[in-house]
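The values are calculated or read from the model by the stated rules, or taken from the named source; none is laboratory data. Since the structure is predicted, the reported quantities are computational estimates derived from the model, not experimental observations. Neighbour counts run over all protein chains shown; Cβ positions are idealised from the backbone, glycine included.
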Amino acid sequence: MKRDSDFIREQLAMYKPDVVILCGSDIGDGLEDLYSISDDAWARTDRGIWHCTVGGVLHVLYRHPAARDPAHMKHYGLIDALHELHVWERRR
């Protein structure tokens, strides 16, 4: 992710997202490099989904879509985490 950090910063600046879903096991470390944040910035939902807010943008660390879990379980877990984090209230 380090080699792509300039490109990712440009993309985030262009799209101005409210929420970013980070998919994959090592992407959280990449986010820490991208924004120079520490491990302390991360928190967990009641069901254990890691998240942090950087620059007013919620970042949620979640399973990769190709993970070998049933699709409905991936969907439910993500929607549950977003609901707990009040994402629907964050919309502009």
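Which one is surrounded by the most Cβ atoms within 10 Å (Cβ to Cβ), of the residues in the range 48-73 that are β-branched (Val, Ile, Thr) and assigned to a strand (DSSP E or B)?
First pass over the range 48-73, keeping only residues β-branched (Val, Ile, Thr): 49, 53-54, 57, 60.
Next, only the ones that are assigned to a strand (DSSP E or B) stay: 53-54, 57, 60.
Values: Thr53: 13, Val54: 16, Val57: 15, Val60: 19.
The qualifying residue surrounded by the most Cβ atoms within 10 Å (Cβ to Cβ) is Val60.
The lone criterion from (1) outside any helix (DSSP H, G or I); (2) more than 28 Å from Phe7 (Cα to Cα) left unmet by Asp80 is number (1).
Yes/no per residue for (1) of a type outside the set (A, V, I, L, M); (2) within 11 Å of the chain's Cα centre (by Cα):
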| position | (1), (2) |
| --- | --- |
| Tyr15 | yes, no |
| Gly24 | yes, yes |
| Ser38 | yes, no |
| Ala43 | no, no |
| Trp50 | yes, yes |
| Leu58 | no, yes |
| Pro65 | yes, no |
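Can you find a residue in the range 22-38 that is under 18 Å from Ile8 (Cα atoms), of a type in the set (Val, Ile, Thr) and assigned to a helix (DSSP H, G or I)? Yes: one or more hits. I'd like to know if the range 4-11 contains one or more residues that are at pLDDT below 90 and touching a strand residue (DSSP E or B) at 6+ places or on another chain (Cβ under 8 Å). So far as the range 4-11 goes, no, none of its residues is at pLDDT below 90 and touching a strand residue (DSSP E or B) at 6+ places or on another chain (Cβ under 8 Å).
Do you know which residues across the range 35-92 are among the hydroxyl-bearing types (Ser, Thr, Tyr) and modelled with pLDDT under 85? Steps first, please.
Here is the first cut: in the range 35-92, the residues among the hydroxyl-bearing types (Ser, Thr, Tyr) are 35-36, 38, 45, 53, 62, 76.
Once the filter is applied, which keeps residues that are among the hydroxyl-bearing types (Ser, Thr, Tyr) and modelled with pLDDT under 85, the range 35-92 yields Tyr35, Ser36, Ser38.
Identify, please: which residue in the range 75-92 is out of contact with any Phe, Trp or Tyr (no Cβ under 8 Å at 6 or more places or on another chain) and surrounded by 13 or more Cβ atoms within 10 Å (Cβ to Cβ) and is, among those, farthest from Gly24 (Cα to Cα)? Top of the filtered list is Arg90.
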